[in-house]
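Undergrad: Quick one: this structure, given as structure tokens, is what I'll be asking you about.
Derivation of every value follows stated rules applied to the coordinates shown; laboratory data play no part. Computed from a predicted structure; not experimentally measured. Cβ sites come from the backbone with ideal geometry, for glycine too, and all protein chains shown count toward neighbours.
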Amino acid sequence: MSITAFKREVWDAALVQNFHDNAVVVPTLNNSYEGEVAHGSVVHLTNVTTPTISAYTGNVTYDDLTDANIDISIDQARQFAFKVKDVDKAQAAGSLDPVTADASLAMSEDADAIALTKMIAGGQSLGTTALTDFASAYAVFTNARTKLRKAKLPNASRYALVTPEFSALLLGPDSNLVKVNEYGTDGPIMNGEIGRLLGFTVLESAVLNAAANTASGVFYYGPMVGFANQISEVEALRLQDDFADGIRGLHTFGASVVKPAAVQSYIVAGS
């Protein structure tokens, strides 16, 4: 029976690779907590207090360091499942690759959307007034930069995730955006990256505030948003009600904002 030859390890590797290739938001977050996570579990993060900086007067005073646990609830579980008439032949021909890519693309968009929802809920709001031109869009960037700077967040790893409507304003004739094809970089260009502005790496995604179709954005310091996930339970089984094999997989994940000031959102409702 063809189901006995199912190569689970090949599918696992392909799904994880495609997931990271397609995701826009998730790769910018703090993924240090990935590992064996299951739906309903909690990943505990340790947030150590900063030592006091004081004048030296001849005697050294030692601080007692305390920590505060910040939890990532693995409260999301997403699945895919489809039929294959003959797993052996499909794997031999390589024809499962497009299905794998489609499944992982859908999972990455879903994870991005949920991560953004949690970031908006756990962060702070910059405003909700409709944006109409580059000047108003640029003002939002300026405000976001000020908020992150006053929160003493590092200049590196700052991102602006904007909707296509927002990026249309940034790419107008009055734009100061340094487009991605105009600057040099030592690393690869990120998925969705369109340029840089005021210290932010600007990313575009249609999953943000998707139903509203408005110029909206989320401005954040990536390391202060924790994300934990695992693609697990990729398996094949013979279907009892069909002359076919079934392939299914499970993606469990969660996200949490470590410091509210690290995420500044500008979400405009639809008309």
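Undergrad: How big is Rg to Rh over the stretch 102-155, alpha-carbon atoms, Rh as the Kirkwood inverse-mean-distance radius?
TA: 1.10
Undergrad: Please work out how much length the chain gains when fully extended from T52 to Q17, using 0.36 nm per residue of separation minus the C-alpha to C-alpha distance, in nm with one decimal.
TA: 8.3 nm
Undergrad: Taking a label point 7 Å from the Cα of N143 along the Cα→Cβ vector, which residues of the stretch 253-267 have an amide N closer than 17 Å to it?
TA: 261-267
Undergrad: Put a dot 7 Å past each Cα toward the Cβ at D242 and A206; how far apart are the dots in nm?
TA: According to this spin-label approximation, the distance is 2.7 nm.
Undergrad: Further question on the same structure: Binning at 5 Å from 0, report for the stretch 120-271 what percent of all alpha-carbon pair distances ends up in each bin.
TA: Computed distribution, short to long bins: 2, 9, 16, 18, 17, 13, 8, 5, 5, 4, 3, 2, 0.
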